[in-house]
1. For the pair Asn103 and Gln158, how long in nm is the line joining their label points, each one 7 Å along Cα→Cβ?
2. Using +1 on the beta carbon of Lys and Arg, -1 on that of Asp and Glu, and nothing else charged, what's the dipole of the stretch 90-170 about the Cα centre, debye to 20?
3. Spin-label point model (7 Å from Cα, Cβ direction): what's the Asp93 to Leu144 distance in nm?
4. Using a Gaussian network model of the chain with C-alpha springs under 10 Å, which one of Val86, Val104, Val30 is most mobile by mean-square fluctuation?
5. For the stretch 25-171, with only Lys/Arg (+1) and Asp/Glu (-1) charged at the beta-carbon, what is the dipole magnitude about the Cα centre, in debye rounded to 20?
6. Quickly work out the Ala128-to-Thr15 label distance, labels modelled 7 Å from Cα along the C-beta direction, and quote it in nm with one decimal.
7. When Lys and Arg each count +1 and Asp and Glu each count -1, what net charge do the other residues less than 13 Å away from Ala160, Cβ to Cβ, add up to?
8. Once whole DSSP H runs in the chain are found, which of them have Cα atoms spread over 15 Å or more along the helix axis and a mean Kyte-Doolittle score of at least -1.0?
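All of the numbers you see were taken from the coordinates with simple rules; none came from a lab. Treat the numbers as computed from the prediction; the structure is a model and nothing was measured. We place every Cβ from the backbone using ideal geometry, glycine too, and count neighbours over all the protein chains shown.
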Amino acid sequence: MKHVVLVGMMGVGKTTIGRLVAQRLHRPFVDIDALIEATEGQPISSIFATKGEPYFRQREMETIRKVMNDPASVVSIGGGAYVNPVIRYLLKDPAVTFYLQANVETLLQRVGDGSTRPLLTQNGGNPAERLRTILQEREPVYILANYLIETDSLTPDQAAEMIAGYRSILE
Ligand code: S3P
């Protein structure tokens, strides 16, 4: 059985939709960021502030590597993880990847003030501009995922239903 891995920008709804997919497929749900926070004992924003982004990226890669060796689950990975070619390689065989796509306006509504996302606020950044820039940089990589789900006009339930609809290829 393959893991279902949800890829995409901060705020697109990977965690919310992932939980709903896991319920439908009767599988565990794993949120990589939450797992890192639990093992580090601090939120992502303070990991970035105290230990730096490279340290976080290393932990992210190790955590994904470990989860890929566990029984098949539904996995939400942080928005930057899929950009790392080593992580894409780690996902290649054991996972089916879904890029949850949304435009900047939708993402902005969903991230709120961005305070839990250091990449949106660092250096006095304006979250709207940061989102636009990051999306532009990452979209060419995100579309390497196996499937694309356009979420702008979908509720989390509808998006989850669509992903769960692929159940026959996830066996
Ligand atoms: C990041 C996204 C965050 C988290 C970290 C970096 C990114 O996860 O991993 O703040 O580089 O896009 P979400 O996509 O769950 O917000």
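1. 1.5
2. Working: 7 positive and 10 negative charges, 48 e Å.
Dipole of the stretch 90-170, to the nearest 20 debye: 220 debye.
3. 1.8
4. In the Gaussian network model the winner is Val86.
5. On the way: 14 positive and 19 negative charges, 76 e Å.
Result for the stretch 25-171 is approximately 360 debye, rounded to the nearest 20.
6. Those two pseudo-labels are separated by 2.5 nm.
7. Values: positive: Lys14, Arg19, Arg24, Arg27, Arg167; negative: Asp157, Glu161.
Taking every other residue near Ala160 into account, the sum is +3.
8. Values: long enough: 14-25 (16 Å, -0.01); 53-68 (22 Å, -1.23); 127-142 (21 Å, -0.91).
What comes out of the filter, once short or polar helices are dropped, is 14-25, 127-142.
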